[in-house]
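Written below as structure tokens is the structure these notes are about.
Values in this text are rule-based calculations from the coordinates and carry no lab data. Quantities reported herein were computed from a predicted structural model and do not represent experimental measurements. We place every Cβ from the backbone using ideal geometry, glycine too, and count neighbours over all the protein chains shown.
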Number of protein chains: 2
Amino acid sequence: MYDGALQDLIDELGQLPGVGPKSAQRIAFYLLATERDQAERLAAAIRDMKDKVHFCEVCGNVAQSELCRICSDPRRSDDIICVVEEPKDVAAIERTREFRGRYHVLGGAIDPINGIGPQDLRIQDLMTRLTGADVTEVIIATDPNIEGEATAAYLARMLRSLDIPVSRLASGLPVGGDLEYADEVTLGRAFEGRRRL
Amino acid sequence: MYDGALQDLIDELGQLPGVGPKSAQRIAFYLLATERDQAERLAAAIRDMKDKVHFCEVCGNVAQSELCRICSDPRRSDDIICVVEEPKDVAAIERTREFRGRYHVLGGAIDPINGIGPQDLRIQDLMTRLTGADVTEVIIATDPNIEGEATAAYLARMLRSLDIPVSRLASGLPVGGDLEYADEVTLGRAFEGRRRL
């Protein structure tokens, strides 16, 4: 609908996740009206990120050098490894400030419908990393959905051979929520995992 | 939450309209995982658009040269000018293929709450453009909301002095809609603007 360069930008923006044709148009017009500086900063940030951000060689988290911020931090404990699906999950857990160990990022979850099997995830790397290491606990923090649960079950079975204690994050009622609005599965899990006071 | 370049990109993306912190993170991770080529194309498209796209000297629409695609098209009629708020409105009207005249883009609507008065819009340009020109009709196609209606009323008053017939797009029931779901104002307008069959 628009002339060359504007339509090209709308088309490129429209390929981003969660950006439909209307949003792409809205963003393009915003960038057209904004100061050159801001558009320039965005273009540079995209290139910079592609140049500089890699995945950590040890844990698979995002990193600006060989090791990520957490793997290169000497104050973190090597005893506990928390296994997550994605780098965003590392960020979410870091926000809680509850965990001072290391991470292992799988790069997804087992999802046969979309053709993702154990061999597509960094599971072999985890086994290699744990073999012979002084790890006292592996916490499996995959998502509490079908794929995440399947991955957790698979990992638990794999890790049994290494004789390292494995735990899974608790499922239950979200704090600040209303019991009556909880779905049945969550409420069922909350009963199952009830704790003595 | 993330290392340098990734967080910089998330921050820049978060400033775009309709992109919250969660979407910004999602888009950044998408760009991290995607092929270098696609990220490069997006960065280039932003710069290209800023370099190449300007506003048409005659009508204020987006343009890649002095005149926009419509103003430089000799097949369009000079007799009718359709006044709209934004370049996106030009695109919307062009999609109908109902209009073969020229446009005039105001660059917004009168909106005292946000401090936008007639002098902030391209109204003086419109008056200059119309003075002495052979125009048989001005169609006011500002949005059918408070600001658009106020702008239409203001323009109609201004144009009275030029003695050019002025019309306004019809308000009424949207085609394909349900009468019972129309709001009262729209239904009221549909009654007011009823046509003899």
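Structure data summary
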| read-out | value |
| --- | --- |
| Above-threshold pairs, the threshold being 30 Å between Cα atoms, out of A:Lys88/B:Lys50; A:Lys52/B:Lys50; A:Lys52/B:Lys88; A:Lys22/B:Lys22; A:Lys50/B:Lys50 | A:Lys88/B:Lys50; A:Lys52/B:Lys88 |
| At 0.692 mPa s and 37 °C, Stokes diffusion of segment A:19-123 via Kirkwood alpha-carbon radius, µm² per second | 199 |
| Zero-based 10 Å bins, Cα pair distances in segment A:77-168, whole percents | 17, 53, 27, 3 |
| Charge dipole (debye, nearest 20) of chain B; +1 at Cβ of Lys and Arg, -1 at Cβ of Asp and Glu | 580 |
| Local electrostatic count at B:Gly18 - Lys and Arg +1, Asp and Glu -1, tallied over other residues with Cβ under 15 Å | +4 |
| Other-chain or far-sequence residues with amide H under 5 Å of B:Val62's (modelled H) | B:Cys56 |
| Pseudo-label separations to other copies for B:Lys22 - Cα-to-Cβ vector, 7 Å, nm | 1.9 |
| For B:Asp163, inter-copy label distances in nm, listed shortest first [label point 7 Å out on the Cα-Cβ vector] | 10.5 |
| Net charge of Cβ neighbours under 13 Å - reference B:Leu159; Lys, Arg +1; Asp, Glu -1 | +2 |
| Mean projected area in nm² (Cα convex hull; one quarter of hull surface) for segment B:96-149 | 4.6 |
| Nm distances between copies for A:Arg97, ranked from closest, using label points 7 Å along Cα→Cβ | 6.3 |
| Top positive-direction residue, dipole computed over the protein assembly as shown with Cβ charges, set B:Leu162, B:Leu126, A:Asn145 | A:Asn145 |
| Check: segment B:4-47 dipole with +1 on Lys, Arg Cβ and -1 on Asp, Glu Cβ, in debye | 120 |
| Within-9-Å neighbourhood charge of A:Gly107 [Cβ basis; K, R +1; D, E -1] | -2 |
| Minimum Cβ-to-axis distance in chain A for the rotation onto chain B, with residue, whole Å | A:Ala43, 2 |
| Helical mean residue ellipticity (222 nm; -39500 (n - 2.57) per DSSP H run of 4+; nearest 500) of chain A | -13000 deg cm²/dmol |
| Fraction of the pair-distance distribution of segment A:115-179 above 20 Å, Cα-Cα pairs, percent | 35 |
| For segment B:4-47, the fraction of alpha-carbon pairs in successive 5 Å shells from zero, as % | 5, 24, 28, 30, 13, 1 |
| Considering only the protein assembly as shown, percent of DSSP beta bridges that pair antiparallel, nearest 5 | 20 |
| Fraction of alpha-carbon pairs over 35 Å apart in the protein assembly as shown - percent | 49 |
| Selection from A:Gly18, A:Gln38, A:Ala5 lying farthest towards where the dipole of segment A:4-51 points positive, charges on Cβ | A:Gly18 |
| Beta bridges by DSSP in chain B, antiparallel share as percent, to the nearest 5 | 20 |
| Distance from segment B:164-197 to segment A:76-132 (C-alpha centre basis), Å | 58 |
| Shape metrics for chain A, restricted to C-alpha atoms - Rg then Dmax, Å | 21.4, 68 |
| Listed residues B:His104, B:Ala91, B:Thr136: farthest to the positive end of the dipole of segment B:62-160 (Cβ charges) | B:Thr136 |
| Cubic angstrom per residue, convex hull over Cα atoms of segment A:1-78 | 134 |
